[in-house]
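A short worksheet on the structure shown next.
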Amino acid sequence: PEVHILNGPNLNLLGTREPEIYGADTLADIEQMCLAAADDLGLALLFRQTNSEGMLIDWVQEAGKSAEVLIINAAGYTHTSVALHDALKALQIPAIELHLSNIHAREPFRRHSYVSAAVAGIICGFGADGYLLALDAASRLIEKA
Ligand code: DQA
C-alpha cells in the first residue's frame, strides 16, 4: 500500500527555522526517519515538499489517484487556503492533518485550520515524532479498510 506525505511552505527550512518551535531535525532527516518507518510497516512512501499552493493542490489530487492514505503538513496554507480545503474535500481517500507544533498553543491566527474539517484526524504538537505517529495511524487506517 502507498502513502503520500506532503509538506507545505517553509518546511524546506527545518533545522534552521525557529528550532525552538520546530526542532533541530531537517526535512531530509525526517524523510529518512519516515522511509525507515514506512519500510517496517510495509508501506511504499512518497515524501515531498513544496512552497507553492498550486503544487500542493496538484499533489493532493495525485494522491487520490495512487495512494491509500494522505498525510499533509500544509504549514502556513493550513490557515489560509480554501482551495486546499476544497481539494481535500474532493479526495476519496482518508487524509491526516499533521503539524510539528501544537497550533492551538501558539498565536490565535494558527488556531483555525481550513484542513481540519476535511480530514479523518489530526496530529500536532509532537515535533518530528508526529510524522511517525501519522504513519502508524495511516497503517491502521489501511488495515481497517
Ligand atoms: C506548522 C504550523 C503552522 O502554523 C506553520 O505555519 C508552519 C508549520 C507545523 O508543522 O507546526 O509552517 O504546520
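Here, each number is a calculation from the coordinates, and none is a lab measurement. Since the model is a prediction, treat every value here as computed from it, not as a measurement. Cβ: placed from backbone, ideal geometry, glycine included. Neighbour counts: every protein chain shown.
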Size of the dipole of the chain about the Cα centre, Lys and Arg at +1 and Asp and Glu at -1 on the beta carbon, nothing else charged, in debye to 20? 440
Would you mind computing the Rg to Rh ratio of region 2-144 from its alpha-carbon coordinates, Kirkwood style for Rh? 0.93
Which trypsin sites (Lys or Arg not before Pro) does region 88-145 hold that lie in a coil by DSSP with at most 14 other beta carbons within 10 Å? Arg106, Arg111
Separation between the Arg17 and Met33 pseudo-spin-labels, each 7 Å from Cα along Cα→Cβ, expressed in nm? 1.6
Spin-label point model (7 Å from Cα, Cβ direction): what's the Ala90 to His112 distance in nm? 2.3
Using the alpha-carbon centroid of each, what span in Å lies between region 1-76 and region 90-126? 14
Roughly what would the spin-label model give for Glu62 and Arg48, points 7 Å off Cα along C-beta, in nm? 0.1
